[in-house]
Amino acid sequence: MTHRIAVVGSGPAGLTFARVLHRHGYPVAVLERDPAPDARPPGGTLDLHEGLGQLALDKAGLLAEFQALSRPEGQAMRILDTDGTVLRDWRPRPEEQANPEIDRGQLRDLLLGPLDVQWGRSVTQVVPGTRDGVLVHFADGRQETFDLVVGADGAWSRVRPAVSSATPHYTGVTYVETSLDDIDTRHPDLARLVGDGSVAVYGVNRALVAQRNSGGHVKVYAQFRAPLDWHTNLDLADVEAVRSSLLALFDGWAAPVLDLLRHGTAFVHRPLYVLPVSHTWTHVFGVTLLGDAAHLMPPLGAGANLAMLEGAELAESIATGPEDLDEAVRAFEEQMWARASRWAKITTAGLERLVSPDPSEALALFDEVQPS
């Protein structure tokens, strides 16, 4: 008998889960609140690690297609002092494939492939333990039941309350994101500054990071420690007011570095939230979580990779594991919790060092991860 399986969310976790199940011939309902795949910007670029995100794509039969789309040169990393002095300039070897970059939009389209996503289906509540299975409530008033509901719906998951009372808490670090388009033509000096990958500048309790995406698009992230209400007297919709506020925050830094903010377009406020480092829950029959819904952590390169591998592993457990669906989910959760806890500790400690009173901590962390 075919199980009725739904995954809520069409991010990397949900789509990888659905794609691996599809490869094994298992139907799955992908429930997504966005009305279409291009309803909002897909975000920046992701580095997919050999033993995590790339392994997940291999399980989905998509590794060769990923390699054709990815940008190995995007692994390059340059670190500057606030006065513009180059402190580190690491460039990958031609054959380096440990963490190649891919735009989120390209990854989404790769994973979508033949999947039939139910767009515009906003889940409001998940109720396990009903007579017919797990009951899913939708914003339009409709309801459906499933044998398994997988929450892959991110930081503010609507599925999570079915298994856990945990909610994300603010880290004390805020990101403000902006971007530059057609950088090679319009801002060639900044294009050289960013290089093929990323450039980062670390100061006291603040940092500026710029990361190249494909097509001459660059994302810029101003990172700083501040109260959650730091912007009380600032209209975040006023681009020039936000720009002026950020330039004041980074006053005294080298002019080329500040040009990353001067030439930015719109600004997006992104305070960083996390779940408890060792977030687990008492197993609930018919419901589980993946990715940020399960273990929201600082965005230091692990989150999407873990989410994708979890999606692939859960799908494989269902497709090739024990006949008992609940047994497969239980075993998966134990494995996920142990690995996610390790990474949550690493990324939490990493954030403390990257946005730190002592900028040398950021440089030391980089040297530990990627010696120059």
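Scanning the range 334-362 for residues that are among the acidic types (Asp, Glu) and either in a loop (DSSP other than H, G, I, E, B) or more than 20 Å from the chain's Cα centre (by Cα) (or both) returns 334, 358, 361. Count of the range 139-155 residues, restricted to those that are open to solvent by less than 10 Å² (accessible area, probe 1.4 Å) and either among the small types (Gly, Ala, Ser) or in contact with a Leu (Cβ under 8 Å, 6 or more places away or on another chain) (or both), is 3. Tally the residues that are within 19 Å of residue 119 (Cα to Cα), touching a residue at least 60 places away in the same chain (Cβ under 8 Å) and assigned to a strand (DSSP E or B), restricting the search to the range 140-155. Number satisfying all stated conditions: 6.
I'm checking my understanding of the structure. Among residues of the range 69-97 that are part of a loop (DSSP other than H, G, I, E, B) and of a type in the set (Val, Ile, Thr), which one is least open to solvent (accessible area, probe 1.4 Å)? This residue is 82.
Evaluate the range 80-90: report whether one residue or more is of a type in the set (A, V, I, L, M), out of contact with any helix residue (DSSP H, G or I) (no Cβ under 7 Å at 6 or more places or on another chain) and under 30 Å from residue 364 (Cβ atoms). Looking for residues that are of a type in the set (A, V, I, L, M), out of contact with any helix residue (DSSP H, G or I) (no Cβ under 7 Å at 6 or more places or on another chain) and under 30 Å from residue 364 (Cβ atoms), one finds at least one in the range 80-90, hence yes. Being more than 14 Å from residue 200 (Cβ to Cβ) and touching a residue at least 40 places away in the same chain (Cβ under 8 Å) holds for only one residue in 87, 63, 52, 80, and it is 52.
Can you give me the number of residues within the range 98-138 that are within 22 Å of residue 217 (Cα to Cα) and open to solvent by 40 Å² or more (accessible area, probe 1.4 Å)? Residues that pass the stated criteria total 5.
Scanning the range 258-292 for residues that are β-branched (Val, Ile, Thr) and farther than 20 Å from residue 44 by Cα yields a count of 6. Would the range 308-326 turn up any residue that is farther than 26 Å from residue 4 by Cβ and open to solvent by 40 Å² or more (accessible area, probe 1.4 Å)? No, there is no match, as no residue in the range 308-326 is farther than 26 Å from residue 4 by Cβ and open to solvent by 40 Å² or more (accessible area, probe 1.4 Å).
The values are calculated or read from the model by the stated rules, or taken from the named source; none is laboratory data. All values derive from a computational prediction rather than experimental measurement. Using ideal geometry, Cβ is built from the backbone for each residue, glycine included, and neighbour counts are taken over all protein chains shown. Please note that ligands, DNA and RNA were not included when accessible areas were found on the heavy atoms of the full protein model with its side chains. Shrake-Rupley method; radii C 1.70, N 1.55, O 1.52, S 1.80 Å.
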